[in-house]
1. Using a 7 Å offset from the Cα along the Cα-to-Cβ direction at both residue 182 and residue 82, what is the distance between the two label points in nm, to one decimal?
2. Want the number for residue 168 to residue 282: 0.36 nm per residue separation, take away the alpha-carbon distance, what's left?
3. Just to check, using Stokes-Einstein with a Kirkwood Rh over alpha carbon pairs, what's the diffusion coefficient of segment 120-279 at 10 °C and 1.306 mPa s in µm²/s?
4. Express in nm, to one decimal, how much length is gained between residue 217 and residue 262 on full extension, taking 0.36 nm for each residue of separation and deducting their alpha carbon distance.
5. As an exercise, find the ratio Rg/Rh for segment 106-180 from alpha-carbon atoms, using the Kirkwood inverse-distance average for Rh.
6. Quick one: which residues, 5 or more positions from residue 284 or on another chain, have an amide H under 5 Å from its amide H? H modelled 1.01 Å from N in the peptide plane, none for Pro or chain starts.
7. Please give the charge dipole size of the chain, origin at the Cα centre, charges +1 on K and R Cβ atoms and -1 on D and E Cβ atoms. Round to the nearest 20 debye.
8. Taking 4 °C and 1.567 mPa s as the conditions, I'd like the Stokes-Einstein D for segment 207-287 in µm²/s, using the Kirkwood hydrodynamic radius from alpha carbon pairs.
Amino acid sequence: MAEAASATIGTSANEVGPLSPRPVAFFGLPGSFTHMAARRLFGVSCAFLENGTIANVFEAVSGGSVEFGVVPIENSTEGGVNQTVDELLNRELFIRGEVVLEIAQCLIGRAQDLRAIERVASHPQGLAQCRHWLAQYLAHAEQVASLSTSAAAREASLDAGLAAIGSALSAELNDVPVIRANIQDSAENATRFVVIAQGDAPRTGYDKTSLVFSTAHSRGALRQALEIFDGAGINLSRIESRPAAGKRWEYVFLTDLEGHRQDPGVVLALRELQAHCSMVRVLGSYPRAV
C-alpha cells in the first residue's frame, strides 16, 4: 500500500514513541489505516493501543492513560471526519502533529466470485470512497457500516458472504484474501491523521495552527474575520463550518493556517480575531506534514 510523507512531532518522527512509557492510542484495530498512520508517526517499535471508536481515543488521552492518540481528521475526497472534529470541539485537548497517507482501498473476503458477495462492510468513509466501484461491480450487495475498516476485515474473516473494504495490511493480519486492490474511486485518495495530546508542539519554523472561531450572526461578519488573516499575510489552508453545539442554525468555523500560534504575525492576528469574534479557541500548533 502506498503511503505519503510523514510529519514531525518534536524534532523527529520517531522521537516520542520510544521515550513514552505508555502506549499510543489509535482508532480501529491492527491493520487499520489509522494504525498505519500511528506507526508512521511513532515508529513500528512503539507500543500501540487499539480503540473501537474515535471517542475512546479522546477519552484515553483526556484521562491520562496514554500520552498521545492518533485519529483521522480529513479525507481528500470525502472531507472532514465529523466524529474527530466534534471531539476536538468538545474537549480541552490539542493537535500535536499530523501525517498524510495515500489510501489504497482493497476489497477483502473469502468469496471466490463477486456474485457470491451478499454484503460489503467498511467504515462509512471507506464505503463513500468506493461508491462508484461498488455501484458498478457490487450493486447487488447490501452495504453495511462498520466502526472501522479493520473491524470490517475481521468480520469478513468469519463470514464468506461478507466482503470488507480496507487496507492490504488488515487483510494480511486477519488472513483474508484481497479480492480486488485499489478500488477507491479517486487515484488521489488520501487521508490526514492527527496526533492529539494534552499540549501542542513547540515551534519548528514550518508549522500549522488549527483553531475554531464563531462570529456574530450579522451580515459580513465572516468576511471581516477572514480579512484579518489576509491583512496579516497569513495563508489559510482549510476552513470548514460546523453546527454550534446547542444553537440552532448557528455555526463555528474550523480553520487551519500556516504558522505557529507563537509567531509574532499569528499572535497579532489572533488578538485581532478575538476582538472581532464571539469565540476563538486554538486547537493546537504543530509541524506541517511534508
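1. For the pair residue 182/residue 82, the computed spacing is 3.3 nm.
2. On the way: separation 114, 0.36 × 114 = 41.04 nm, distance 3.65 nm.
This chain segment gains 37.4 nm when fully extended.
3. Working: Rh = 19.3 Å.
Estimated diffusion coefficient is 82 µm²/s.
4. Numbers: separation 45, 0.36 × 45 = 16.20 nm, distance 2.94 nm.
Net length gain for the segment: 13.3 nm.
5. Details: Rg = 10.4 Å, Rh = 11.5 Å.
Taking Rg over the Kirkwood Rh, I get 0.91.
6. HN-HN under 5 Å from residue 284: 95, 210.
7. Values: 24 positive and 31 negative charges, 81 e Å.
Dipole magnitude for the chain comes out near 380 debye.
8. Values: Rh = 12.7 Å.
Translational D for this selection: 102 µm²/s.
Coordinate-derived values only; no laboratory data. Only a predicted model underlies this, so the values are computations on that prediction, with no experimental measurement involved. For neighbour counting, all protein chains shown are included, and Cβ atoms are generated from backbone atoms with ideal geometry for every residue, glycine included.
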